[in-house]
Amino acid sequence: MEPYVVIGAGPMGLCSTRRLAEQGIQVIGLEAHNDVGGLWDIDSPTSTMYQSAHLISSKRMTEFDDFPMRDDVATYPRHSELKHYFHDYAAHFDLYRHYRFGCWVERLEPVDDKWRVTYRQHDKTHEIIASGVLLANGTLHHPNRIEFPGQFDGEMMHSCDYRNADIFEGKRVLIVGCGNSGCDIAVDAVHRAEHVDMAVRRGYYFLPKFVAGRPTDTLGGKIRLPNFLKQHVDGLLVRLISGKPSSYGLPDPDYKMYESHPVINSLFLHHIGHGDITVRPDIEALTSNGAQFTDGQEAHYDLILQATGYKLHYPFIDKQHLNWQGDAPQLYLNVFNPKHPGLFVMGMVEAAGLGWQGRDDQAQLVARVIRMQQDNPAAASAFFDKVRAKATERIDGGMQYLPLERMAYYVHKAEYLQALNNEMRQLSAGA
């Protein structure tokens, strides 16, 4: 039996490797960096981390249930604390022995019912024939760069290349995009730049990181409200806590709470209210020394930074093998492939509050399915009949998520976890 290959050593890759090993499945991990941690190791060549970055969810809502972060770790840990957390996780579960580091996957292609994995390590090309492959290379690496009309002669960059606020010193700065990274970077910039503008195209819900001394994401939840009612109630609470975005010169959201991800930041609105950040509408066109906006105004800038998010990116495999339709692969539970039973996309899932434990639940289910493929082929065949029938079903809990590329693989947390657990129970019952 050939091994299974896990691509990536971030949180998703690590728990996938762990769960396969626990099932007695031979596994080889391939990681481009020289250590584990993925996105959270700022020194990794694939990391898009910046020096001021912290978790936007609290540690207790994000950590693995059976490997909690230390009590002395901050409520919203800095990226360097998380790097050490994943080092400790890998050491505790003896995962280093499964990994090959400095490995860049170049090609992944089916060979009969197996997979040929071609990768480069130390300028030499290697191949592995694998029984299956788990893609855990992350969703926040490939920048979504916007091509605006016109030509800007100053400095243009994406947030993926941003590391620290030194680049803003004395400059007139425009930040494009108002997601969590954009707001973080704007807060960094106000302390160094001559002035900071932010181009905002759509409305967001804004929440501070703490309410009444508690992490915001730990509030509520004791009583499960129907989704539509929770949207209404939480939307009112956000309005009570933060006020209307239009009070700060920002557009109000034209959608309900949770239909896009909220911004979690305690300082962004503060700096707008103090005049440190000027809100601009969307860019109409670039000019040689700045930008013209949709309200007809123009402004001059030295640096334009696009905080415009990331695209799903699996450059080593043809999209057809991933059942890619529209903006994302169409997979059962965002994991299981209707075309290839030995190909699993791990971590291609976003949901408010899902945390790493939700991704570990994915890994446990995949490991059980692979074990079933080896021990009970008939049951595995029946499972993949379901995969083919349900690959296009989205677990959205009735939410009307915004039709945006970054929302194409968004799910509703409670319904998604329930679906994973239901499958696990059914596999256990049939074992």
> All but one of (1) without any contact (Cβ under 8 Å) to a residue 60 or more places away in the chain; (2) touching a Leu at 6+ places or on another chain (Cβ under 9 Å) hold for residue 375; which doesn't?
Replying inline: (2)
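Among the residues of the range 190-220, which ones are of a type in the set (A, V, I, L, M, F, W, C), assigned to a loop (DSSP other than H, G, I, E, B) and either under 20 Å from the mean Cα position of the chain (by Cα) or on the phi < 0 side of the Ramachandran plot (or both)? Can you show your working first?
If we filter the range 190-220 for residues that are of a type in the set (A, V, I, L, M, F, W, C), which is where we start, we get 190, 193, 196, 198-200, 206-207, 210-212, 219.
Still in the running and assigned to a loop (DSSP other than H, G, I, E, B): 190, 193, 200, 212, 219.
Scanning the range 190-220 gives 190, 193, 200, 219.
Quick grid of which residues meet (1) under 20 Å from the mean Cα position of the chain (by Cα); (2) open to solvent by 40 Å² or more (accessible area, probe 1.4 Å); (3) within 25 Å of residue 215 (Cβ to Cβ):
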site	(1), (2), (3)
373	no, yes, no
379	no, no, no
383	no, no, no
388	no, yes, no
396	yes, yes, no
408	yes, no, no
415	yes, yes, yes
418	no, yes, yes
428	no, yes, no
>> Yes or no: the range 226-234 includes at least one residue that is more than 20 Å from residue 272 (Cβ to Cβ), assigned to a loop (DSSP other than H, G, I, E, B) and at pLDDT below 95.
In response: yes
> If you go through the range 395-416 one residue at a time, do you hit one that is aromatic (Phe, Trp, Tyr), part of a helix (DSSP H, G or I) and at pLDDT 95 or above?
Replying inline: yes
> Only one of (1) in a strand (DSSP E or B); (2) closer than 25 Å to residue 14 by Cα fails for residue 304. Which number is that?
Replying inline: (2)
> Quick one: would you say residue 24 is closer than 23 Å to residue 116 by Cα, within 18 Å of the chain's Cα centre (by Cα) and not basic (Lys, Arg)?
Replying inline: no
>> What's the number of the only condition in (1) surrounded by fewer than 21 Cβ atoms within 10 Å (Cβ to Cβ); (2) within 14 Å of the chain's Cα centre (by Cα); (3) outside any loop (DSSP other than H, G, I, E, B) that residue 356 fails to meet?
In response: (1)
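Can you tell me which residue in the range 118-156 is least open to solvent (accessible area, probe 1.4 Å), limited to those that are part of a loop (DSSP other than H, G, I, E, B) and aliphatic (A, V, I, L, M)? Steps first, please.
Residues of the range 118-156 part of a loop (DSSP other than H, G, I, E, B): 122-123, 131, 136-141, 144-149, 151-154.
Those left that are additionally aliphatic (A, V, I, L, M): 136, 140, 146.
Numbers: 136: 8, 140: 72, 146: 61 Å².
Among residues in the range 118-156 that are part of a loop (DSSP other than H, G, I, E, B) and aliphatic (A, V, I, L, M), the one least open to solvent (accessible area, probe 1.4 Å) is 136.
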> Which residue out of 329, 262 is open to solvent by 10 Å² or more (accessible area, probe 1.4 Å) and either in contact (Cβ under 8 Å) with a residue 12 or more places away in the chain or within 28 Å of residue 187 (Cβ to Cβ) (or both)?
Replying inline: 262
>> Can you name every one of the helices (runs of 4 or more DSSP H) wholly within the range 1-117 that holds 2 or more residues which are under 26 Å from residue 307 (Cα atoms) and either open to solvent by 40 Å² or more (accessible area, probe 1.4 Å) or polar (S, T, N, Q) (or both)?
In response: 59-62, 79-92
> Could you count how many residues in the range 157-168 are surrounded by 16 or more Cβ atoms within 10 Å (Cβ to Cβ) and not aliphatic (A, V, I, L, M)?
Replying inline: 5
>> Name the residue that is surrounded by the fewest Cβ atoms within 10 Å (Cβ to Cβ), counting only residues in the range 177-224 that are among the β-branched types (Val, Ile, Thr) and closer than 21 Å to residue 284 by Cβ.
In response: 200
>> What are the pairs with Cβ atoms under 7 angstrom where one residue, in the range 347-369, is within 15 Å of residue 136 (Cα to Cα) and charged (D, E, K, R) and the other, located anywhere, is in a helix (DSSP H, G or I) and open to solvent by less than 10 Å² (accessible area, probe 1.4 Å)? Sequence gap at least six, or different chains.
In response: 359/15; 360/15; 361/420
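Each row is one residue, and each column tells you yes or no for (1) charged (D, E, K, R); (2) part of a helix (DSSP H, G or I); (3) closer than 28 Å to residue 14 by Cα; (4) open to solvent by less than 20 Å² (accessible area, probe 1.4 Å).
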{"position": "257", "(1), (2), (3), (4)": "no, no, no, yes"}
{"position": "270", "(1), (2), (3), (4)": "no, yes, no, no"}
{"position": "284", "(1), (2), (3), (4)": "yes, no, no, no"}
{"position": "292", "(1), (2), (3), (4)": "no, no, no, no"}
{"position": "295", "(1), (2), (3), (4)": "yes, no, no, no"}
{"position": "321", "(1), (2), (3), (4)": "no, yes, yes, no"}
{"position": "340", "(1), (2), (3), (4)": "no, no, yes, no"}
{"position": "361", "(1), (2), (3), (4)": "yes, yes, yes, no"}
{"position": "369", "(1), (2), (3), (4)": "no, yes, yes, yes"}
> Just checking, which of 315, 262 is in contact with a helix residue (DSSP H, G or I) (Cβ under 9 Å, 6 or more places away or on another chain) and not β-branched (Val, Ile, Thr)?
Replying inline: 262
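The values are calculated or read from the model by the stated rules, or taken from the named source; none is laboratory data. Since this is a predicted model, take the numbers as computed values, not measurements. Ideal geometry is used to build each Cβ from the backbone, glycine not excepted, and the neighbour counts take in all protein chains shown. SASA here: full protein model, heavy atoms, side chains in, ligands and nucleic acids out. Shrake-Rupley method; radii C 1.70, N 1.55, O 1.52, S 1.80 Å.
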